[in-house]
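To start, the structure itself, in structure tokens.
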Amino acid sequence: MKKKIGVIGAGLSGLVTIKELIEEGHDVICLEKNKDIGGVFSKMGSYDSVELTVSNYFMAYSDFMPYDEPVKFWTRKEYKQYLDKYAKHFDLLKYIKFDCDVTQIEDTSENFIISGVGSDNQKFSETVDTLAVCSGQFQKPNIPDIEGLDTFLGDTMHSAEYTNVENCNHLKGKKVLFLGAGESGADVVTEIAGIASHSVLALRRRHLFSQKNVGGSNTIDMVQTRFWHSIPANEKAEAVRTIWRNIRKSTDNKALSLLADHVILAPDEPGSVVTKTERIFEAEANGMVIDIGGITRVNGSQVEFESGRSESFDAIVFCTGFKFSLPFMKNDSEISDIRDCYLQSFHKDLKERVAFIGFARPQQGGVPLIAELQARYFARVISDKIQLPENLYELAIADKKLWQEEFYETPHVFGLVNGQRFNEKIADLIGCRLPAPNIIFSPKSFVVYWLHHIWPCQFRVVGPGKQNIAKEKWTNAPSIYSKKAKLKLIIGLSIKWLMSRNAKNTKERWRSILVTDRN
């Protein structure tokens, strides 16, 4: 039955949700508070020097891959151009109302009344049957609770306020303290540290960092293979440290040496959120201090550190992320942890009436594919082609426990998932998961499946919405490995894996691979 769906937000999650809903024949209205699409990738939503930390192929939608481009990292401007092309190709703009700041959503049990303020401060109201909330995580800056912070005498700013270093003249030549360093934070820290007279980056613990380009541009997204994800966690952790120990011994690059030192002592790679840029080590090589342990208190301009350091600063820059905030959602539909939702989308009290799309965060890979698969699943649910399970809350809590155990170093990072496993779980429910090829009957496909990048186009090879070009492009995807390296990996690591303490499960896995349907 055709329904009227309200979509909140026209960023990368909102756009794909509109597209999937209209393909199912529903009536869609999207409300976007800005004057343009793109969310944080619009000109109003991010700083000037943004460069994505996963490749263009991982930041693309499965049915709109940039096949005419080489594998590279898009800038913010280039990604916005991609989103513009996507919106134009699927004729999405006609479903979007811009300058619509949603302030309240009233649940009448039968429908939802969306109200807010539009252009020229005109109030608006829309009544819809179902909601897709795609407003994203970057709504409310997070300022940590530090004793005495309210007594600080200098300037303070959050990375959300940063546009470029030219607009930070008030920090030029000053002593600046930075707190936190995610991927955008690493850019902000590095750029402002370049104009400060002295700078300190305070981290509560060592973060796990990785280079964007590992050994050259042809190894972009190096660990994005099923083979890597299938290796036991302890072996992956040791492999990562071994790589960095070897780099440390062989490099004369000061920034790279500092990065290696940091990663060797950092938490295990499989169990921690990863910051996929190394820029802050450029700043450290140029004199910035990285202090591990965090802040104990602030007293006027003086800051005391857990490490015993005590210094005075002229400014504090918070690169401390954002708090999950849905101010327009009230009462029992309020959500504090997206992991309490089935597939990080469906709340136990709202079920299929509301879908939260694009809030899950992959440890490796891009949000667009996660949002797309969630949107495809949601569109089929409200079209009665898929039924939500009755025990969705119990399933959500079981998954929550799984992710907390998998990411044992950072168990409470909001929405953190293993992108490959999370995506394939949803794809299984949709019916678009690519089956593992048989090594005997389809050796080339077998190698691609295990040793090539896990690109989004694989979810258009079979099932609903499949495309003929997807199979061709997936099968011929450029690999990060040479033919010789592939052979050595398949033989050497397979033997090592089979001999590990998880040998029983490993043998069963390989046996299932060998007898998989030859299609």
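Residues of region 333-346 that are closer than 21 Å to residue 423 by Cβ and either in a loop (DSSP other than H, G, I, E, B) or in contact with a Pro (Cβ under 6 Å, 6 or more places away or on another chain) (or both): 337, 341, 343, 344, 345. The residue list 60, 87 contains one member that is buried (at least 23 other Cβ atoms within 10 Å of the Cβ), in the same structural domain as residue 329 (by TED's automatic domain parsing) and either assigned to a loop (DSSP other than H, G, I, E, B) or not hydroxyl-bearing (Ser, Thr, Tyr) (or both), which is 60.
Within region 233-255, can one find any residue that is closer than 30 Å to residue 168 by Cβ and either in the same structural domain as residue 362 (by TED's automatic domain parsing) or surrounded by 16 or more Cβ atoms within 10 Å (Cβ to Cβ) (or both)? Before the answer, list the steps.
Kept after step one, since they are closer than 30 Å to residue 168 by Cβ, are these residues of region 233-255: 253-255.
Imposing the further condition that a residue be either in the same structural domain as residue 362 (by TED's automatic domain parsing) or surrounded by 16 or more Cβ atoms within 10 Å (Cβ to Cβ) (or both) reduces the set to 255.
So far as region 233-255 goes, yes, one or more of its residues are closer than 30 Å to residue 168 by Cβ and either in the same structural domain as residue 362 (by TED's automatic domain parsing) or surrounded by 16 or more Cβ atoms within 10 Å (Cβ to Cβ) (or both).
Apart from one condition, residue 118 fits all of (1) surrounded by 15 or more Cβ atoms within 10 Å (Cβ to Cβ); (2) touching a residue at least 60 places away in the same chain (Cβ under 8 Å); the exception is (2). If the condition is being touching a strand residue (DSSP E or B) at 6+ places or on another chain (Cβ under 8 Å) and without any contact (Cβ under 8 Å) to a residue 12 or more places away in the chain, then region 121-155 contributes only 123.
Screening the candidates 406, 372 for the property of being under 24 Å from the mean Cα position of the chain (by Cα), modelled with pLDDT under 95, buried (at least 16 other Cβ atoms within 10 Å of the Cβ) and not assigned by TED's automatic domain parsing to the domain that holds residue 210 yields one hit, 406.
Please tell me if residue 285 is farther than 16 Å from residue 205 by Cα and among the small types (Gly, Ala, Ser). Considered against the rule, which asks whether it is farther than 16 Å from residue 205 by Cα and among the small types (Gly, Ala, Ser), residue 285 comes out as yes. Of all the residues in region 121-153, those that are surrounded by 12 or more Cβ atoms within 10 Å (Cβ to Cβ), out of contact with any helix residue (DSSP H, G or I) (no Cβ under 7 Å at 6 or more places or on another chain) and part of a loop (DSSP other than H, G, I, E, B) number 11.
The values are calculated or read from the model by the stated rules, or taken from the named source; none is laboratory data. Keep in mind that this is a model prediction, so the values were computed, not measured. Please note: Cβ atoms are built from the backbone with ideal geometry, for glycine as well, and neighbour counts cover all protein chains shown.
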